[in-house]
Amino acid sequence: AQIKGVPLVLVDTAGILEPRDLIEEEAIKRSHQSIDGADLILLVLDISRPLSDEDLFLLEKTKDSQRLIVLNKSDLKKVVGEDQLPGHCAGNAMVSISTLQKDSLERLETEIFNAVWQKDDYADHRIMVSNLRHVAALKMAHSSLAGAMEIIEQEIAWEFASEEIKQAVNQLDGITGRNIDQDLLDKIFSQFCIGK
């Protein structure tokens, strides 16, 4: 998923309490792993009914995590208000939504974006890079260009600067697909299952 150009991986966790069998036990284990490894937790609470034991458990478990508390079903009669949430929810971002109202989902997206993108200089036209191979290539290209700039500033022979620039171009070519060597092709295709 993407929100305003920021790539996100959303994980919908299974239940968190009292497994009934081995399959549910494994699902709950994975839910805990997802919660522990998340950059942002969307803790969705149904405010049209009293908080359940699971809700209270999750509120406690995630109290030290970066989280956005989503108060769902705001179109129904409210049983749980913000003032009835445990004290450790103070200071957490909260958003009331109803999936029946389009503007609610837009507000939710804005709150998610604000929580994960905590910089002032974001513009929608900026490019986000999420492929690890591309990130590594861009870092190496940046390093080579910085080396070229240093050589030029120190007025060392231009041949050395051109070699650094050539290395940067080769890194960028690996991203764009120009002049890819066989080793890189083998690495790329090893990550995909390609039918005949």
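All of the numbers you see were taken from the coordinates with simple rules; none came from a lab. No experiment lies behind these values; they were computed from the predicted model shown. Virtual Cβ from ideal backbone geometry, glycine too; neighbours counted across all protein chains shown.
Taking square-rooted eigenvalues a ≥ b ≥ c of the alpha carbon gyration tensor, is the range 65-120 rounded, prolate or oblate, where a/c under 1.5 means rounded and, failing that, a/b exceeding b/c means prolate? Here the range 65-120 falls in the oblate category.
Set the bar at 27 Å for Cα to Cα. Now go through LYS4/LYS77; LYS29/LYS78; LYS4/LYS61; LYS4/LYS78; LYS63/LYS102; LYS78/LYS102 and name every pair that lies beyond it.
Values: LYS4/LYS77 32 Å; LYS29/LYS78 32 Å; LYS4/LYS61 30 Å; LYS4/LYS78 31 Å; LYS63/LYS102 29 Å; LYS78/LYS102 19 Å.
Distance filter (> 27 Å) returns LYS4/LYS77; LYS29/LYS78; LYS4/LYS61; LYS4/LYS78; LYS63/LYS102.
Amide H to amide H, with H built 1.01 Å from N, LEU68 comes under 5 Å of ILE41, LEU42, LEU43, counting only residues 5 or more places away or on other chains. Placing a pseudo-label 7 Å from each Cα along the Cα-to-Cβ vector at LYS78 and ARG30 gives an inter-label distance of 3.6 nm.
Under the shape rule built on the C-alpha gyration tensor, where the axes satisfy a ≥ b ≥ c, the range 1-87 is oblate, since a/c reaches at least 1.5 while a/b does not exceed b/c.
Once you have the Cα-Cα distance between VAL169 and ASP12, take 0.36 nm times their residue separation minus that, and quote the gain in nm to one decimal. Before the final figure, lay out the partial values.
On the way: separation 157, 0.36 × 157 = 56.52 nm, distance 4.08 nm.
So the extension gain works out to 52.4 nm.
Which residues among the range 19-43 fall inside the zone where the amide N is under 16 Å from a point 7 Å beyond the Cα of VAL135, along Cα→Cβ? Label zone hits: 37-40.
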